[in-house]
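Working notes for the structure below.
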Amino acid sequence: MGTSIFGIGLSGLNAAQAGLTTTGHNIANVNTPGYTRQQLVQSARAPQFTGAGYFGQGTNADTVRRIYSEFLASQVRQTQASASELAVREARLIQLDNLFGDSVSSLAPALDDFFAGVNAVAARPADVPARQTMLNAAQALVSRFNQLGEQLAEMRGGTNTQIEATVGSINSYSRQIAELNHRIAESIGVAGDHLPANDLLDQRDALVQELNQQIGATGVLQSDGALNVFLSNGQALVVGETSYALRAQRSSANPVDVTVGLDTPGGLVPFRTQDLAGGALGGLLRYRDGELTLGENALGRIALVTAQAFNDQHGLGQDLTGALGGAFFGVPSARATTLSGTATLAATVTDPGALSTSDYQLAYDGANYRLTRLQDGSTQTFATLPQTVDGVSIAVGSGTPVAGDRFLIQPTRSAAVDLRLALSDPARIAVAAPIRTGAATANTGSGTISAGSVDASYPATPLAAPVTLSFATPATTFSTTVAVEVTVGTTTTAYAAGAPIPYAAGATVAFGGLRFTLGGVPAGGDQFTVRPNTNGAGDNRNALLLGGLSTRQLVANGTTTLHGAYGQLVSTVGSATHEIGIESAAQARLLAQAQDTQASVSGVNLDEEAANLQRYQQAYQASGKVMAIAASLFQTVLGIFGN
C-alpha cells in the first residue's frame, strides 16, 4: 500500500504543480493582447480492483484548455469589421464635410463675392475699377473651384494609396494565419490526441481579429485544427496552410482608381465594391465610390453650369468697344476614356442644365451600344451614335468600334480643376445690351416699345443698321423695313418687309434673334426704331441679366440655383457624415460590449487566479504530506523486517 499511497501523492503533486504553472501563465499574460485564459483539466485515474473493492490511483493532468467561446469570438470579429468600416468612412467624410462646409474656404463665399462684383458693375457700368474688381472676383472663383477640385483629386489619390496599403496588410495577415495553421498542425501531431496548442491558437485568433480590422472575414474551423478564412463574397483567403493573395491595380473600368481582386497566375480577378464588405478596405472603397465621387462630380457640374450659363449670357451683351461679348470663362470639356479597343469617343456637353452627377460606361457588342449610368445602374441601348443623354452628346471620335469595346464617360469629373478665366481686359466685359429701341420725338400717340432683348441666335447675324416701324393712318396697322414675326397671344405670323401688320397692344415683334414688345395707343404716322447700341457705355442691361444668373434655376433640369446646388452638396455630405457618425458610435459601443462579454468569459481575472494559486498551493502541500506519510510508512515496514 505504501507504494500506492506514494503514487497517489505524486500524481496529486504533479497535478498541483501543473495547476500552479497554468495559473502563473495566466497571471503573466494578464496584459497580453488576444490572450485567452487557460485552465488545467484533471481526471481521476482508473481505479485498481482488489478483493475489497476498487481503490483510487490518484489523478491525471489531462490537458490545458482555453476558456474560449467561438460564438463570442465570431461576434467580436463581425462587430470589429463593421466598426472599422464605419470608422474609416467617418474619418474621411469629416474631411470632405469640412472641405465643402467651411465658411471661409468653401465655394459659397467665392460665388457670393463674384456675383457681388457683377452687381457692382451693373450699378456702375462704365467704371473700369469696378470692372477690374469683377474680374478679380471671377479669378478668385475660378481659383476656388480649382483648389477644391485639386483637393478632391488628392483625396482620391490618397484613398487609392491607402487601399493598396490595406491590401498589403490583408495579404500579410493571410500569410501569417496560414503559417500558424501549419505550426498548429505540427504541434497537434507532436502532442497527439489533438491536444491544443493554446498559445498558437491565441496568436491565430488575434491575427483573424486584426484581419477583420482591414476587411470583413469569417473563420471556419476544420477537424485538423486549421482555420479556413473567407471574405464576405465567399472568396477564400486561407485554406489550411495555403493563403490566397489579393492585389490592387489600376482599374480597367476607371484608370484613375485602383480595383481590388484575387491575384491569380492568369491575372487579376476583380471584385465589385459591394463584394468587399467590412473593415478599413470596405470603408475606403465605399467612401471613394460613393461620397467622394459624388462630391467631385457635383462640384464639377456647378463649375460647368456656372461657366456655360455665364458665357451664354455674356455673349449676348456688348463691351466698351462696341463688340459682342466673347467667352468669359474657359468651359471645361467632358472626359471620355477608351477602356478597351482602339476607337475613341467624343463627349460634348450640349445642355449643362440637364447634367447629372453620374459617370457613364458605354459598351459595344458589335450591334448595339449599351450605356450604363453608374450612379444608379440604369441602362439605355442604342443602335447608332451620336446620341444625347443627360445633356451630353456622345459620338464616335475616331476609329471604328468593334464588339467588346468599352468607354468611360465623365461629363463633370474634372470640370472644377479645368475651369479657367478666359477674359483679362475689363473693357471687354459685355455689360451693355447690343440693341437699343426708341420712339420718334415727333410721335403724337401713347404707343410704347420695350427695351428689347436678344437670344442665342443673335450673334450670328447682329443688327447692322436701324430698323424702323411706321404706323399707318389710321394706326391700325404698321410696317417694318425688314421681314418680321409677330406674336399675339399664342399666334405667331410672319410678315415681309413693308407688308401691313395689324396692330395689337402687347404684340411681340421678332427678327434676327432680337425681340421687343409694342404697347399703348400709337397715332397715325408714329415711328419706332431698333438700332445697334452705339455709345452704350452707361448701359447695364446685360450686367443685370448676368447678375440675375445667381438666382436663376440653372441646375438639375431647372430645379435649383447655383447656390442651391452647392447647398444640396453640402447637405448631402453633411447628412452622410452625421449618419455615419451615429452608426460608427453605435457600432463602437457594440464592439466594446462584445469585447467585454468575451473578456468576461476568456479574460484573466487576477482575483480568480489568486484564489487558484492558493488552492493549488494547498493541494501541492497536501500531496507532499501524502508522500511524506507514505515514505514514513515504508520506513516503518523496513524497520520491522530489519529487526
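Scan segment 60-102 for residues that are surrounded by 18 or more Cβ atoms within 10 Å (Cβ to Cβ) and aromatic (F, W, Y) and the total you get is 2. Would you call P386 free of Cβ contacts under 8 Å to residues at least 60 places away in the same chain and over 30 Å from F114 (Cα atoms)? Against the criterion (free of Cβ contacts under 8 Å to residues at least 60 places away in the same chain and over 30 Å from F114 (Cα atoms)), P386 qualifies.
Total residues in segment 470-498 satisfying the condition of being over 52 Å from the mean Cα position of the chain (by Cα) and surrounded by fewer than 13 Cβ atoms within 10 Å (Cβ to Cβ): the figure is 7.
Residues in segment 553-568 that are part of a loop (DSSP other than H, G, I, E, B) and surrounded by 15 or more Cβ atoms within 10 Å (Cβ to Cβ): L554, A556, T561. Scan segment 412-433 for residues that are assigned to a helix (DSSP H, G or I) and crowded, with 18+ Cβ neighbours inside 10 Å and the total you get is 6. Does T437 qualify as being part of a strand (DSSP E or B) and at pLDDT 95 or above? Answer is yes for this residue.
Every residue, every condition in (1) closer than 30 Å to L562 by Cβ; (2) assigned to a loop (DSSP other than H, G, I, E, B); (3) in contact with a Lys or Arg (Cβ under 8 Å, 6 or more places away or on another chain), yes or no:
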position	(1), (2), (3)
V142	yes, no, yes
Q151	yes, no, no
T166	no, no, no
I170	no, no, no
E179	no, no, no
I184	no, no, yes
G234	no, yes, no
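Can you tell me which residue among D97, D113, D102 is of a type in the set (D, E) and over 30 Å from A280 (Cβ atoms)? Residue meeting the stated conditions: D113. Scanning segment 312-319 turns up at least one residue that is assigned to a strand (DSSP E or B), over 17 Å from the mean Cα position of the chain (by Cα) and crowded, with 24+ Cβ neighbours inside 10 Å.
Quick one: in segment 186-206, of everything that is more than 14 Å from R66 (Cα to Cα) and either in contact with a helix residue (DSSP H, G or I) (Cβ under 8 Å, 6 or more places away or on another chain) or assigned to a loop (DSSP other than H, G, I, E, B) (or both), which residue is modelled with the highest pLDDT? So, considering only residues that are more than 14 Å from R66 (Cα to Cα) and either in contact with a helix residue (DSSP H, G or I) (Cβ under 8 Å, 6 or more places away or on another chain) or assigned to a loop (DSSP other than H, G, I, E, B) (or both), the one modelled with the highest pLDDT is S187. When segment 558-575 is filtered for residues that are of a type in the set (S, T, N, Q) and either touching a strand residue (DSSP E or B) at 6+ places or on another chain (Cβ under 8 Å) or at pLDDT below 95 (or both), the ones remaining, listed by number, are T561, Q568.
Screening Q635 with (1) surrounded by 13 or more Cβ atoms within 10 Å (Cβ to Cβ); (2) assigned to a helix (DSSP H, G or I) gives one miss only, at (1). Checking A277, A245 one by one, the residue that is in the same structural domain as Q162 (by TED's automatic domain parsing), at pLDDT 90 or above, surrounded by fewer than 17 Cβ atoms within 10 Å (Cβ to Cβ) and hydrophobic (A, V, I, L, M, F, W, C) is A245 and no other. Kindly evaluate T572 against the criterion of being among the β-branched types (V, I, T) and assigned to a loop (DSSP other than H, G, I, E, B). No: the conditions fail for T572. Annotation: A464 fulfils all but one of (1) at pLDDT 95 or above; (2) under 58 Å from the mean Cα position of the chain (by Cα); the unmet one is (1).
The set of residues in segment 192-224 being in contact with a Leu (Cβ under 8 Å, 6 or more places away or on another chain) and free of Cβ contacts under 8 Å to residues at least 24 places away in the same chain consists of L200, V220.
Within segment 225-238, one or more residues are surrounded by fewer than 15 Cβ atoms within 10 Å (Cβ to Cβ) and touching a residue at least 12 places away in the same chain (Cβ under 8 Å).
Is it the case that some residue within segment 575-588 is within 18 Å of the chain's Cα centre (by Cα), crowded, with 19+ Cβ neighbours inside 10 Å and closer than 30 Å to G353 by Cα? Yes, there is a match, as at least one residue in segment 575-588 is within 18 Å of the chain's Cα centre (by Cα), crowded, with 19+ Cβ neighbours inside 10 Å and closer than 30 Å to G353 by Cα. Before we move on, is G397 among the small types (G, A, S) and within 28 Å of the chain's Cα centre (by Cα)? The answer is no for G397. In the set (1) small (G, A, S); (2) surrounded by fewer than 20 Cβ atoms within 10 Å (Cβ to Cβ); (3) within 30 Å of A120 (Cβ to Cβ), the condition left unmet by A367 is number (3).
The values are calculated or read from the model by the stated rules, or taken from the named source; none is laboratory data. It should be emphasised that the depicted structure is a prediction, and the values quoted were computed from it without experimental measurement. Every residue, glycine as well, gets a Cβ built from its backbone with ideal geometry; the counts of neighbours run over all protein chains shown.
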